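Presented below is the structure to which this report refers.
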Amino acid sequence: MKVKNNMHVLKSLSFVAAAICISGALPLAVQAATKTMNEFTLTLKNHVFMPATLTVPAGQKIHIIMINQDNSEEEFDSDDLGREIWVKPLGQADVYFGPLKAGHYNFQGEMHASTAQGIIDVK
């Protein structure tokens, strides 16, 4: 009897999954998730972040593409955001965070902290 009930549950779940795929609801859910992520680019060149101040919206998830144009590795480091992300020379890395409250969040390049500094301004 237990095996029969489990088979009924599996058939029901298969039907629901097929209905979602056929109806197109799954692609819409993926699109909705993608649209809620705000994407920004932060470039490191000559051990300086550009832009030095990055303005992002409050209350939303953020994706920063960090591009390292230097011939040395760097670390995007932010105690305020709780992130440490290594970026290889002439490489790039993804930094995700949020949603954040309005305010200023400092970050730096740990390997060149005297020049590689910036602020994420959340409005």
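May I ask you to list the residues in segment 74-120 that are in a strand (DSSP E or B) and among the small types (Gly, Ala, Ser)?
If the condition is that a residue be in a strand (DSSP E or B) and among the small types (Gly, Ala, Ser), then 78, 93, 103, 109, 118 are the ones that fit.
Condition first: surrounded by 16 or more Cβ atoms within 10 Å (Cβ to Cβ) and among the β-branched types (Val, Ile, Thr). Now tell me which residues in segment 49-66 satisfy that.
Result: 56, 62, 64.
Scan segment 36-70 for residues that are outside any strand (DSSP E or B) and within 17 Å of residue 85 (Cα to Cα) and jot them down.
47, 69, 70
Each value in this text was obtained by applying a stated rule to the coordinates, not by laboratory testing. Only a predicted model underlies this, so the values are computations on that prediction, with no experimental measurement involved. So basically every Cβ, Gly included, is an ideal-geometry build from the backbone, and we count neighbours across all protein chains shown.
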